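Enquirer: Mind looking over this structure? Questions follow.
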Amino acid sequence: MKIVVAGGTGVVGRFVVEAAQERGHDVVALSRASGVDLVSGSGLAGRLHGVDVVIDVTSVQTQSARASEEFFGTVTRRLLSAEEDVGVGHHIALSIVGSDKAPFGYYAGKALQEKVVSEGGVGSTILRATQFHEFARQVYGQAVIGPVHLIPKMISQPVAAREVGERLVELAEGPPAGRATDLAGPEVLRMADMVRMYAAAMQAKGAILEVPLPGGFGKALRDGTLKAGVTADHGRQTFAEWVVAL
C-alpha cells in the first residue's frame, strides 16, 4: 500500500512514517522539508498519483481560533481536492478529543477540519486522540516569568504519540470508517504534576505555578471536558514511563 503522510516530520508524523515502514508500506512524507507547502499548495501537484491513503497529521503553533481555522481549513481543502483529482480513496485526519465540545483557540481549527473532512468527497476516517505526552514539554516552556513556569490548570489523559501513529496506520489498512474509536492514554493526570515530573527528569530548576485560564476553554481544561469517554480505547505507555525514557 502507498501511504502519504502530510506533516510527516512532526511529533506524530515521524511515528506514522516509522510504523507504516515497519509494516511494509511504501511511505511518502509531505512537509516543507520535502518541498511541499500545504498552505500555499506549492509542490503538492503530482505527489498523490498512485496513492492509496493520505494520513493528515499536520499542525500549527497558534492559540488563535482564526489562525487555526485558516490553517486547518486551507490545508484540508487542498489535500481533499488533490486527492479527488487523482482518485485517492481514503483520507485520514487526526483530531483531538473534545474539539467538538470546546471549539476554542487551536481546537476551533480541529473542529473545522473534522467538518470539512466529513463533508468532503473522499472516503474518510477521523481519529480523535487526547493530548500527547510531549504536550507537557511544550507547556513547560510556553509561559515563563523569571524562574517561574506558569502552567494552565488542566486535567489531561496523555497518550504516547508512538501509539497514535501506530493506530493511524492500522486505520489506513482498513476501509474508511468515519469516526473511529477515540484513543486516550491509560491514566488521568493534572498537567501541573506532569510538568513537574518532566522538569525533574530534565533536572530543570524553577517553580511550577498552576494558573486557571479564563473563559470557556479554561473551564473545559479544568472540568474534564477534554477527557475521553467510556467507549474510548486506551494506550499502554504511562506518562512516567515516557519521562524515564527521555
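The values are calculated or read from the model by the stated rules, or taken from the named source; none is laboratory data. Please read these numbers as outputs of a predicted model, since none were measured by experiment. Glycine also receives a Cβ, built like all others from the backbone with ideal geometry; neighbour counts cover every protein chain displayed. Quick note on the areas: whole protein, heavy atoms, side chains included, nothing else; ligands and nucleic acids left out. Shrake-Rupley method; radii C 1.70, N 1.55, O 1.52, S 1.80 Å.
Enquirer: Could you state the angle between the C-alpha long axis of helix 13-22 and the longest principal axis of the C-alpha atoms of the chain, as a value from 0 to 90 degrees rounded to the nearest 10?
Expert: 60 degrees
Enquirer: Roll a 1.4 Å probe over the protein chains and send me the accessible area per residue for the chain in Å².
Expert: 45 Å²
Enquirer: Choose one of G35, P152, G120: the residue whose Cα lies farthest towards the positive end of the charge dipole of the range 31-154 (beta-carbon charges +1 Lys, Arg; -1 Asp, Glu; about the Cα centre).
Expert: P152
Enquirer: Then there is this: Which net charge results for the neighbourhood of L209, defined as the other residues with beta-carbon distances under 15 angstrom from its beta-carbon, given Lys and Arg at +1 and Asp and Glu at -1?
Expert: Surrounding charge for L209 is +2.
Enquirer: Further, regarding this structure: For I151, list long-range residues whose amide hydrogen, built 1.01 Å from N in the peptide plane, is under 5 Å from its own amide hydrogen.
Expert: Those lying under 5 Å, H to H, from I151 are L209, E210, V211.
Enquirer: Of K110/K153; K2/K153; K110/K205; K2/K115; K153/K205; K2/K219, which ones are farther than 32 Å apart at the Cα?
Expert: Listed pairs above 32 Å: K2/K153; K110/K205; K2/K219.
Enquirer: Another question, then. Which cross-chain or sequence-distant (5 or more) residues have an amide H under 5 Å from the amide H of H90, H modelled 1.01 Å from N in plane?
Expert: Those qualifying (amide H under 5 Å, at least 5 residues apart or on another chain) are V54.
Enquirer: OK, next. Take the solvent-accessible surface of the protein heavy atoms, probe 1.4 Å, and return the percent of it on the chain that carbon and sulfur atoms account for.
Expert: The computed percentage sits at 52.
Enquirer: I've got another one for you. Which cross-chain or sequence-distant (5 or more) residues have an amide H under 5 Å from the amide H of A29, H modelled 1.01 Å from N in plane?
Expert: V5
Enquirer: Build a GNM of the chain with springs between Cα atoms under 10 Å: which of A82, A184, A111 gets the top mean-square fluctuation?
Expert: A82
Enquirer: Could you pull the Rg and Dmax for the range 1-103, using just the Cα atoms, both in Å?
Expert: 13.5, 39
Enquirer: Taking the Cα centre of the chain as the origin and placing charges on Cβ (Lys, Arg +1; Asp, Glu -1), which of V16, Y106, G206 is farthest toward the positive end of the dipole?
Expert: Comparing the listed Cα positions along the dipole, G206 ranks first.
Enquirer: A further question on this structure: Out of these labelled values of Rg/Rh (Cα atoms, Kirkwood Rh), (i) 1.01; (ii) 1.04; (iii) 0.97, which was calculated from the coordinates shown here?
Expert: The value computed from this structure is option (iii).
Enquirer: Go ahead and estimate [θ] at 222 nm for the chain from helices alone: -39,500 (n - 2.57) per DSSP H run with n ≥ 4, summed, over the residue count, rounded to 500.
Expert: Mean residue ellipticity at 222 nm (helix-derived): -11000 deg cm²/dmol.
Enquirer: Next up: When the dipole is taken about the Cα centre of the chain, and only Lys, Arg (+1) and Asp, Glu (-1) are charged at their Cβ, what size is it in debye, to the nearest 20?
Expert: In total the dipole reaches around 780 debye.
Enquirer: Please give every one of the aspartates and glutamates within straight-line cross-link reach of K227, meaning a C-alpha to C-alpha distance under 12 Å, and leave out same-chain neighbours fewer than 8 residues apart.
Expert: Within the straight-line cut-off, K227 pairs with D182, E187.
Enquirer: Pop out the ³J(HN,Hα) list for the range 231-240 in order, Karplus 6.51 cos²θ - 1.76 cosθ + 1.60 with θ = phi - 60°, rounded to Hz; leave Gly and Pro as x.
Expert: Ordered by residue, 3J(HN,Hα) equals 8, 5, 7, 10, x, 9, 6, 7, 5, 4 Hz.
Enquirer: Could I ask something else about it? Relative to the longest principal axis of the C-alpha atoms of the chain, give the angle of the C-alpha long axis of helix 65-86, reported between 0 and 90° and rounded to the nearest 10°.
Expert: Roughly 20 degrees, rounded to the nearest 10.
Enquirer: Keeping all protein chains in the complex and leaving out DNA, RNA and ligands, what accessible area do you get for D37 with a 1.4 Å probe, in Å² to the nearest 10?
Expert: Answer for D37: close to 40 Å² accessible.
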